[in-house]
2 protein chains.
Amino acid sequence: MTTLVFLDPAHPAGRVADATVPNILVTDQGLTRGDGIFESMLAIDGEPRKIRAHLDRLAVSASTMDLLIPDAGVWQAAITTALTAYAAGAPEDSADHGASNESRQCVVRLIATRGPEGANSPTAWVTVSPVSASLAAQREKGLAVLLLERGYDSDIAARAPWLLMGAKTLSYAVNMAALRHAHHQGADDVIFTSGDGLVLEGPTSSVLLAHVSDDSGVPLKRLITPHLDTGILPGTTQGALFAAAQEAGWELGYGPLTPADLLDADAVWLISSLRLLAPVTTIDGKEIGTAAIRAELTAELSALLATTL
Amino acid sequence: MTTLVFLDPAHPAGRVADATVPNILVTDQGLTRGDGIFESMLAIDGEPRKIRAHLDRLAVSASTMDLLIPDAGVWQAAITTALTAYAAGAPEDSADHGASNESRQCVVRLIATRGPEGANSPTAWVTVSPVSASLAAQREKGLAVLLLERGYDSDIAARAPWLLMGAKTLSYAVNMAALRHAHHQGADDVIFTSGDGLVLEGPTSSVLLAHVSDDSGVPLKRLITPHLDTGILPGTTQGALFAAAQEAGWELGYGPLTPADLLDADAVWLISSLRLLAPVTTIDGKEIGTAAIRAELTAELSALLATTL
């Protein structure tokens, strides 16, 4: 079941629509040109998580795209309307605190397109839908990952703003093709690398690695993620985890990271709003850390992350 | 006015729909991920031009994207239905051979997406609509063009098929952003260059240059376009023009081309199915050839191209 609410000046709290029937014109530039932006966030027990971080990133994406979208308050009203409608239509047990984690969670998507050709007015909507069961399974089972080249050098973002690096656009065909390529090779997911050999991000996630001892074997707790200068998307979940981990005594670091750094880490994760922390078991077939360390660190960091949700 | 016809197994000739009302689900992956492909072609007096070249390229795009789409015959039937419906609904004079070129022409778009999430069946449709007046004006007035970096090296296509180079996908946000960037700088259009400094293509066109004398001033007639190995889209109109020009005694050449080659040419054009041959007046502010040579060569090649339409 998908609940759908359009942002509509005539309906300040949002206009509820039926997602099972067509609602979009064939001339919408989100459809004909992938010309739009989106965010996906988790909601738990009807509360959207990290809503401020997602609305901030949506605003950055809109600005990068020269797209005028409704203000944060209008999005918040529509999100509330959509979550309320979703809860009203959901099976009984999903409002029950005794229910499984999955049934207490749902996905909130925010989408804004440049609107129909010639109309000069964006199309904007919110959907709420169940969390895919396969995402939850990935947290448990871990991910076999391929390194795939993204084609861009790591210094491209600053000098070529028209490439829209760091904006979360609807033009995700390459991200989807990279995932299909990985699946055809028997892998689960992808970590993109730059033309100049740096680690970037996953097609739908940020990359995170941990070290629990230094080169001499002295214990430490260090989390590292690639630097944003490489043109990657700022991860809202990575940001939330870093804040919580720092309070818990972890050192934080920011790349440049190379594939060798990933292979050398005690653990590597793909981290995103819906999947949360999914441990990487292998990269190009080489095991990362050990099953015991991966499990221990994933449990520790997932508990930290849960305090932020 | 836009005429809309869906490809639909229940309607072998295509299902006519009303393009002014919503026809697409918000969960369609063409919309949520730019996950689909398209073609745009010209029709004159109700006859689609280069239909075989466009259907062949659509099939290549589909194959590159692992997208199962209807066969060419199904597309052809829907195109015929759409053009017939468009002619029936068009103002009287558009069927009149005494009418202006513009009113005798229309745009046929073919679009196929991966369909709604979870449905495992593509959404495919044809639209017919008028040619934008601004495109015709560009043929007359010429184009001020900016060189912008596309971010990819020219050898990426062969080693990174997941980047979908050479497929005409709906993920055109970067192409649109490059055009906006040019417009903000007072330019009309863009020629993309590779990270290693080669000329690629326009955001919605192929690049073509002409020499009418060699380095010693000896007359010749040579047309050159960038080599497809660079990962660019094979231009159907460039292909048609090359065939006609060869018969008319032009030599044909294929890049690699650098920006210096463009500046050194007697004329440069952006060439595409809808705009046809649009002469480039300046590149990064530097004039290409002279107004007289541009006009003469544009007239000569446009006449050749017209024989293929």
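The long axis of helix A:236-247 is offset from the longest Cα principal axis of chain A by roughly 50 degrees. Could you tell me which of the pairs A:Lys168/A:Lys286; A:Lys50/B:Lys168; A:Lys168/B:Lys286; B:Lys50/B:Lys286; A:Lys141/A:Lys286 are separated by over 25 angstrom between their Cα atoms in the structure shown? Result: A:Lys168/A:Lys286; A:Lys50/B:Lys168; A:Lys168/B:Lys286; B:Lys50/B:Lys286 exceed 25 Å. Which of B:Gly285, B:Ala248, B:Tyr172 sits farthest toward the positive end of the charge dipole of the protein assembly as shown, with +1 on the Cβ of Lys and Arg and -1 on the Cβ of Asp and Glu? Of the listed residues, the answer is B:Tyr172. Taking amide H atoms as placed 1.01 Å from N in the peptide plane, the amide H of A:Leu148 lies under 5 Å from those of A:Ile191, A:Phe192, A:Thr193, each 5 or more residues away in sequence or on another chain. Between copies, A:Asp71 shows label-point distances of 5.8 nm, shortest first, with the point placed 7 angstrom from Cα along Cα to C-beta.
Counting only heavy atoms of protein chains, what accessible area per residue, in Å², does the stretch B:1-137 have with a probe of 1.4 Å?
Here the per-residue accessible area is 42 Å².
Anyone know which of A:Gly36, A:Gly202, A:Gly118 comes out most mobile in the 10 Å Cα GNM of chain A? Among A:Gly36, A:Gly202, A:Gly118, the largest mean-square fluctuation in the Gaussian network model of chain A belongs to A:Gly118. A:Asp8 contributes about 40 Å² of solvent-accessible surface, heavy atoms of the protein only, 1.4 Å probe.
If you average the sequence gap of Cα pairs under 8 Å that are 6 or more apart and divide by the length of the stretch B:3-131, what percent do you get for the contact order? It rounds to 37 percent for the stretch B:3-131. Distance between the 7 Å Cα→Cβ label points at B:Ala292 and A:Leu252: 6.7 nm.
Couplings for the stretch A:294-309, taken from phi via the Karplus curve 6.51 cos²θ - 1.76 cosθ + 1.60 with θ = phi - 60°, read 4, 5, 5, 6, 5, 5, 5, 6, 5, 5, 4, 5, 4, 5, 9, 8 Hz in order; Gly and Pro are left as x. In order along the stretch B:70-82, the Karplus-derived 3J(HN,Hα) couplings, from 6.51 cos²θ - 1.76 cosθ + 1.60 at θ = phi - 60°, round to x, 5, 4, x, 5, 4, 4, 5, 5, 5, 4, 4, 5 Hz, and Gly and Pro are given as x.
Only the Cβ atoms of Lys and Arg (+1) and of Asp and Glu (-1) were treated as charged; on that basis the dipole of chain A about its Cα centre amounts to roughly 500 debye. Between chain B and chain A, roughly 4200 Å² of accessible surface gets buried, counting both sides and using a 1.4 Å probe.
Computed with every protein chain present, the accessible area of A:Ser206 is close to 20 Å² [probe 1.4 Å]. Axis angle, to the nearest 10 degrees, between helix B:173-184 and the longest C-alpha principal axis of chain B: 50 degrees.
Based on alpha carbons, the Rg and Dmax found for the stretch A:3-131 are 14.9, 51 Å.
Of the DSSP beta bridges with both residues in chain A, give the percent that are antiparallel, rounding to the nearest 5. Don't skip to the end; give the middle numbers.
Working: 47 of 59 bridges.
Within chain A, antiparallel bridges account for around 80 percent of the total.
Rounded if a/c is under 1.5, else prolate if a/b is larger than b/c, else oblate: which is the stretch A:137-306, with a ≥ b ≥ c the root eigenvalues of its Cα gyration tensor? Taking the square roots of the gyration eigenvalues as a ≥ b ≥ c, the stretch A:137-306 is prolate.
Whole-Hz ³J(HN,Hα) for each residue in the stretch A:156-163, computed from phi via Karplus 6.51 cos²θ - 1.76 cosθ + 1.60 with θ = phi - 60°, x for glycine and proline: what do you get? Once rounded to whole Hz, the list reads 6, 4, 5, 9, 9, x, 5, 7. When +1 charges are put on Lys and Arg Cβ atoms and -1 charges on Asp and Glu Cβ atoms, the dipole computed for the protein assembly as shown relative to its Cα centre reaches about 800 debye. The figure for B:Cys106 is an accessible area of roughly 10 square angstrom, using a 1.4 Å probe on the protein chains alone.
If we sort A:162-170, A:228-236 on the protection proxy, mean other Cβ atoms within 10 Å, highest first, what's the order?
Details: A:162-170: 22.8, A:228-236: 21.1.
Descending mean neighbour count gives A:162-170, A:228-236.
Here chain A exposes an accessible surface that is 54 percent carbon and sulfur, computed with a 1.4 Å probe and the other protein chains kept in place.
The values are calculated or read from the model by the stated rules, or taken from the named source; none is laboratory data. From a predicted model like this one, the values you see are computed outputs, not experimental measurements. No Cβ is skipped: glycine too gets one built from the backbone with ideal geometry, and neighbour counts run over all protein chains shown. Surface accessibility is based on the protein's heavy atoms, side chains included, excluding ligands, DNA and RNA. Shrake-Rupley method; radii C 1.70, N 1.55, O 1.52, S 1.80 Å.
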